[in-house]
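Chemist: What follows is a single structure, and I will ask about it in a moment.
The values are calculated or read from the model by the stated rules, or taken from the named source; none is laboratory data. If you're wondering where the values come from, they're calculated on a predicted model, not measured in any experiment. All Cβ positions, even for glycine, are placed from backbone atoms using ideal geometry, and neighbour counts span all protein chains on display.
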């Protein structure tokens with residue numbers, strides 16, 4: 001029987017708690033973060049040095065999922081999307097594109113994603129010809145790995161409830177809790193291990 005494997009992370013590297021040592025250079029934050037957590041979401045036009053992150057991912061044997069999110073405005077501008085993707089295409093095996101959508105994307109936009117890993121989230125069912133899952137009130141359409149993204153920080157009860165529901169997927173699953181600090185991310189990771197996921 002297959003099981004869901006959760007890759008837990010947050011959005012952005014900036015944490016307000018004392019996760020990073022005070023004297024840690026900012027260019028080492030990703031390396032420090034990725035030693036503890038196995039997923040990270042960044043805007044596709046992030047100020048972080050994506051090429052340095054790609055380089056670190058290439059040199060590492062550790063399992064890690066980098067999620068590059070695109071806001072709906074950029075997703076609807078195919079030319080802008082194609083330009084951004086082209087600049088990152090050499091490293092496309094190191095990231096998954098994530099976008100929240102409200103309606104079915106056009107064939108032109110879907111064709112811009114050919115060759116890239118992607119996950120599209122909608123709050124309503126859409127007719128997109130790809131892998132689909134529905135859990136925690138999210139419809140996900142993906143060609144590589146489902147990405148569950150929460151904009152709110154969950155308490156322990158919500159963590160357990162969501163993990164149990166998502167575990168029915170029985171595959172590798174990325175779980176991004178947007179503004180979670182290290183304590184919450186650790187709690188999610190520990191609860192998933194205790195539940196046997």
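Chemist: Pull up the stretch 154-178, narrow it to residues that are outside any helix (DSSP H, G or I) and either at pLDDT 90 or above or touching a strand residue (DSSP E or B) at 6+ places or on another chain (Cβ under 6 Å) (or both), then point me to the one that is surrounded by the most Cβ atoms within 10 Å (Cβ to Cβ).
Modeler: By that ranking, first place goes to 175.
Chemist: Sticking with this structure for a sec: Please work out which residue is nearest to the chain's Cα centre (by Cα), limiting yourself to the stretch 94-122 and to residues that are surrounded by 13 or more Cβ atoms within 10 Å (Cβ to Cβ) and part of a helix (DSSP H, G or I).
Modeler: In this case the residue turns out to be 94.
Chemist: Of all residues in the stretch 59-88, count the ones that are within 18 Å of the chain's Cα centre (by Cα), over 16 Å from residue 149 (Cα atoms) and surrounded by fewer than 16 Cβ atoms within 10 Å (Cβ to Cβ).
Modeler: The number of residues fulfilling the criteria is 2.
Chemist: Scan (1) in contact (Cβ under 8 Å) with a residue 40 or more places away in the chain; (2) in a strand (DSSP E or B) for the single condition residue 144 breaks and write down its number.
Modeler: (2)
Chemist: Now, a different point. Considering 52, 16, which residue is in a loop (DSSP other than H, G, I, E, B) and either out of contact with any strand residue (DSSP E or B) (no Cβ under 6 Å at 6 or more places or on another chain) or surrounded by fewer than 19 Cβ atoms within 10 Å (Cβ to Cβ) (or both)?
Modeler: Details: 52 fails: in a loop (DSSP other than H, G, I, E, B).
Checking each option against the conditions leaves just 16.
Chemist: Taking the condition more than 22 Å from residue 9 (Cα to Cα) and either modelled with pLDDT of 90 or more or touching a strand residue (DSSP E or B) at 6+ places or on another chain (Cβ under 7 Å) (or both), does residue 104 pass? Talk me through it step by step, then tell me what you get.
Modeler: Details: more than 22 Å from residue 9 (Cα to Cα): yes; either modelled with pLDDT of 90 or more or touching a strand residue (DSSP E or B) at 6+ places or on another chain (Cβ under 7 Å) (or both): no.
Against the criterion (more than 22 Å from residue 9 (Cα to Cα) and either modelled with pLDDT of 90 or more or touching a strand residue (DSSP E or B) at 6+ places or on another chain (Cβ under 7 Å) (or both)), residue 104 does not qualify.
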